[in-house]
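Structure, as structure tokens:
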Amino acid sequence: MSSQILPLLDSSDVLAGALTDVAERSLFAFVDPQPADLFAERCGGESTWLCAEVGFRGEHDGVMRCALPADVAQECFAAFLGGPDEAAGDAPIFDMVGELANMICGTWLTRTYPDQVYNLSHPDVARMPAGWGPVAYLGDRAVRATLNDRPVAIWLAAAS
Amino acid sequence: MPDTSVAGAVRPLSILIVDDSAMMRAMIKRVAGLADVPIGAVYEAANGAEAIQVLETQTIHALFTDINMPVMTGTELLREIERRGQWPDLVRVIISTDGSAARREEVSDLHVKCYVEKPFRPEVMRDVLTDLTAAGQ
């Protein structure tokens, strides 16, 4: 076991691909990569964010975090279940966002390390405080993208 | 395979969906309902331990299980089913984000009929259910 995640950062393109595939297959949504400056500008217009965290353990240990605006999550919820676009409570929304993060993380690890077994933790999802945004947490190799024209960010961190 | 046919008529499949995400269980249930196969009772469990309780009390033809779950993982569930030997005809399908060769090898001796990677397109689930039904006739 190792806590070094540095090698994993080189697979950020695969991580972006995992986001695209999960969005297309589970949400019927489009993903577009964004340059850092434009992404930061888009994030400035968002108010409330949800952030999901999935831990992974294997040859490398770490966490993958995924942040998206709360109302985007609401839209995704309807697409995920193929139902009407009705307001849902926090519990089902958090469950769905956690499952999306889980699918992105699992898909990314499977493609990056097909010959290794990784165990994922149950996703932890939180509504972030007012004024919070993901930009300050994103390194050079984080995934900055839009999901149906709204910002979504994915980044990796060492296991705490 | 479960006995899904009686005098040419296809008996509805009774299925058990095991996933720690209620939304994923709902999604799988919905997709199963869209497939053009007769689905009978649909049971749900949030982990392997709950799934064992359902198996002990209900007649289940097909089990669809995730791998990474708290309390009892999908792999542990499949091992427990093997150890008990009480459900030899139970069709076992894995639905997981982990599609690695290493994971597939890990479950290769656990009589898994099909391995579906999440995220999956609805038609993949439909094809799996169609194959299960056809194989049972």
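The values are calculated or read from the model by the stated rules, or taken from the named source; none is laboratory data. This is a predicted model, so every value here is computed, not measured. Cβ: placed from backbone, ideal geometry, glycine included. Neighbour counts: every protein chain shown.
The residue that is nearest to residue A:115 (Cα to Cα), counting only those in region A:52-76 that are buried (at least 23 other Cβ atoms within 10 Å of the Cβ) and in contact with a Pro (Cβ under 8 Å, 6 or more places away or on another chain), is A:54. Within region B:111-126, is there a residue that is surrounded by 14 or more Cβ atoms within 10 Å (Cβ to Cβ), within 12 Å of chain A (Cβ to nearest Cβ), assigned to a helix (DSSP H, G or I) and touching a residue at least 40 places away in the same chain (Cβ under 8 Å)? Within region B:111-126 (the criterion being surrounded by 14 or more Cβ atoms within 10 Å (Cβ to Cβ), within 12 Å of chain A (Cβ to nearest Cβ), assigned to a helix (DSSP H, G or I) and touching a residue at least 40 places away in the same chain (Cβ under 8 Å)), the answer is yes, since at least one residue qualifies.
Test residue B:74 against the stated conditions and say whether it is among the small types (Gly, Ala, Ser) and more than 22 Å from residue B:119 (Cβ to Cβ). So residue B:74 fails the test. Across region A:129-144, the number of residues qualifying as touching a helix residue (DSSP H, G or I) at 6+ places or on another chain (Cβ under 9 Å) and either at the interface with chain B (Cβ under 7 Å from one of its Cβ atoms) or closer than 16 Å to residue A:44 by Cβ (or both) comes to 5. Only residues that are more than 10 Å from chain B (Cβ to nearest Cβ) and in contact with a strand residue (DSSP E or B) (Cβ under 9 Å, 6 or more places away or on another chain) were counted in region A:84-100, giving 1. For region B:69-97, filtered to residues that are of a type in the set (D, E, K, R) and more than 15 Å from residue B:18 (Cβ to Cβ), the residue that is farthest from the other protein chains (Cβ to nearest Cβ) is B:89. Does residue A:106 qualify as being surrounded by fewer than 19 Cβ atoms within 10 Å (Cβ to Cβ), closer than 18 Å to residue B:21 by Cβ, touching a Lys or Arg at 6+ places or on another chain (Cβ under 9 Å) and within 14 Å of chain B (Cβ to nearest Cβ)? Here the answer is no, as residue A:106 does not meet what is asked.
For residue B:56, indicate whether it is of a type in the set (Asp, Glu), away from chain A (no Cβ under 14 Å) and either more than 18 Å from residue A:122 (Cα to Cα) or assigned to a loop (DSSP other than H, G, I, E, B) (or both).
Here the answer is yes, as residue B:56 does meet what is asked.
Going by what's in this entry, would residue A:60 be described as under 17 Å from the mean Cα position of the chain (by Cα) and modelled with pLDDT under 95? No: the conditions fail for residue A:60. Considering (1) more than 13 Å from chain B (Cβ to nearest Cβ); (2) under 13 Å from the mean Cα position of the chain (by Cα); (3) surrounded by fewer than 17 Cβ atoms within 10 Å (Cβ to Cβ); (4) not hydrophobic (A, V, I, L, M, F, W, C), the lone condition that residue A:124 does not fulfil carries the number (1).
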